[in-house]
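Just so you know, all these numbers are worked out from the coordinates, no wet-lab data involved. Bear in mind the structure is a predicted one, so any value in this text is a computation, not a measurement. Counting neighbours? That spans all protein chains shown, and the Cβs are built from the backbone with ideal geometry, glycine included.
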Amino acid sequence: MRRNRASTTWLRSLGALTMALGCSCAAVAADYTSSVLATGLNNPRGLAFGPDGGLYITEAGIAAGSGPTTIVRGATLTYTQTGSVTRLLGGAQTRVTTGLPSIYNGTTGEVVGPNGIAFGPTGSTLVTIGAGVDPTVRATDLAPGGVNLSRLITGGSSVDLGAYEAANNPAGGPLDSDPWRVAPIPGGALVTDAGGNSLLRVANDGTVSTVASFASRALGGPSPTEPVPTGIAVGPDGAYYVGELTGFPFVPGAARIYRIVPGGTPTIFATGFTMITDLAFAADGSLYALEYDSNGLLNPGSGGALWKVAADGSRSLVFSDGLADATGLAIGPDGFYVSNFGASSGQGEVVLIAAVPEPETYALMLLGLGAIGFMRRRRMG
């Protein structure tokens with residue numbers, strides 16, 4: 001019995017010390033470090049965790065291959081089927097879907113294809129297929145495969161978002177459709193159309209409607225700068241949050257985050273960003289924004305950045321080291337997952353940005369382990 005009481009006392013002491021260490025560690029600020037989890041990706045874009053616990057990555061495709069073409073501003077765009085979806089599960093990286101629609105610019109090497117991915121409440125997969133062209137040329141210049149561009153693939157069906165842009169053109173201006181991100185909501189899903197400058201709702205029966213459109217602004221270019229809505233996240237308050245990339249000349253600090261109450265009009269929630277590509281809410285309700293290039297495309301350097309956005313719209317830098325052409329963001333229990341080098345064929349990767357204890361925290365941990373060892377030796381003696 002004395003041995004049992006001693007064991008119980010030791011366990012209580014251990015529990016108390018562990019709680020004390022937990023409180024001390026939590027009070028110390030954390031740094032972040034990154035590690036590469038997936039490599040060899042072809043223009044990686046969206047990220048989402050599936051019901052199996054795997055991380056799914058959309059790959060827009062490669063800037064090579066033959067197929068039907070169309071001319072946009074003097075450049076030749078070629079349709080291929082090099083888009084794919086990769087799964088990272090248990091340390092294994094596997095392309096689980098291939099042959100998805102893709103289109104590349106032969107002059108710039110830009111590739112558009114599978115952009116966003118999400119999973120519905122029943123586990124159904126939602127994938128947006130981009131385009132970045134006048135949707136009417138899909139059935140002419142880019143026929144026959146081009147009709148598969150600018151769509152939302154959901155389960156076994158496909159919703160033609162390009163046709164909606166051609167028929168409605170919610171934001172006005174030249175016809176253009178490039179579905180980017182998708183977020184499930186009750187009764188359907190939200191999709192940002194980066195080409196059409198609109199936020200769309202796709203009902204479960206395939207009906208498409210406009211939630212909001214976004215206006216261009218004069219930012220110093222030869223023509224008004226388009227907003228180019230990209231990231232979409234549903235907040236804990238039920239509002240929709242939309243980030244903008246902005247178009248040419250990609251002015252640093254010009255990108256904003258909009259907040260849209262269902263049924264209402266967009267309001268500016270946060271400002272001062274550059275080329276936002278994705279948004280995500282963490283489990284604690286905090287909003288995070290990912291930047292493609294914090295300097296803007298026309299300035300030297302290509303560093304991306306991850307920001308935490310407070311409830312008042314102010315922001316604080318989380319991480320930027322090694323981020324370049326960052327395109328997708330997902331938040332897991334162990335940190336932030338980012339698709340990096342998102343404009344590279346074969347060079348794309350996914351990195352995990354995780355918090356690491358400061359040196360003071362390590363010291364506390366070592367001190368605690370030493371104390372535990374001392375107490376154990378006393379009880380055993």
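For the chain, set up a GNM with springs between Cα atoms under 10 Å and report which of GLY322, GLY46, GLY187 has the largest fluctuation. Comparing GLY322, GLY46, GLY187 in the GNM, the peak value goes to GLY187.
Under Stokes-Einstein, with the Kirkwood radius over Cα pairs as Rh, the value for the stretch 34-91 at 25 °C and 0.890 mPa s is 183 µm²/s.
Here's how it looks for THR230: its modeled amide H is under 5 Å from those of GLY243, GLU244, LEU245, which are all 5 or more places away or on a different chain.
With only Cα atoms counted, the stretch 57-130 has Rg and Dmax values of 14.0, 46 Å. With R₀ fixed at 35 Å, the C-beta to C-beta distance from SER66 to SER223 puts the FRET efficiency at about 0.55. Sorted fewest first by neighbouring Cβ atoms within 10 angstrom, THR274, THR327 come out as THR274, THR327. For the stretch 274-349, relative contact order (Cα pairs under 8 Å, six or more residues apart, normalised by length) works out to 24 percent.
Net charge around ILE232, counting only other residues with Cβ within less than 13 Å of its Cβ (Lys, Arg = +1; Asp, Glu = -1)? Walk me through the numbers on the way to the answer.
Details: positive: ARG181, ARG201, ARG259; negative: ASP193, GLU244, ASP278.
After counting each charged neighbour, the total is 0.
Compared with the dominant principal axis of the Cα atoms in the chain, helix 359-380 is inclined by about 40°. For the chain, the mean residue ellipticity at 222 nm estimated from helices alone is -5000 deg cm²/dmol, where every DSSP H run of n ≥ 4 contributes -39500 (n - 2.57) and the total is divided by all residues, rounded to the nearest 500.
Computed from the Cβ-Cβ distance with R0 of 41 Å, the FRET efficiency linking THR207 to ASP31 stands at 0.30. Note on the stretch 181-244: semi-axes of the ellipsoid equivalent to its C-alpha gyration tensor, largest first and rounded to whole Å, are 25, 13, 8. Extent of the stretch 137-207 along its three principal axes (Cα atoms, max minus min coordinate, largest first): 37, 28, 18 Å. Its relative contact order, with pairs defined as Cα atoms under 8 Å and 6+ residues apart, puts the chain at 15 percent. Ellipsoid fit via the Cα gyration tensor, the stretch 31-356: semi-axes of 26, 23, 21 Å, each the root of five times an eigenvalue, largest first.
D by Stokes-Einstein for the stretch 129-172, Kirkwood Rh over Cα pairs, 10 °C, 1.306 mPa s: 149 µm²/s. Any chance you could give the angle, 0 to 90 degrees and rounded to 10, that helix 2-26 forms with the longest Cα principal axis of the chain? Long axis of 2-26 versus the principal axis of the chain: about 40 degrees.
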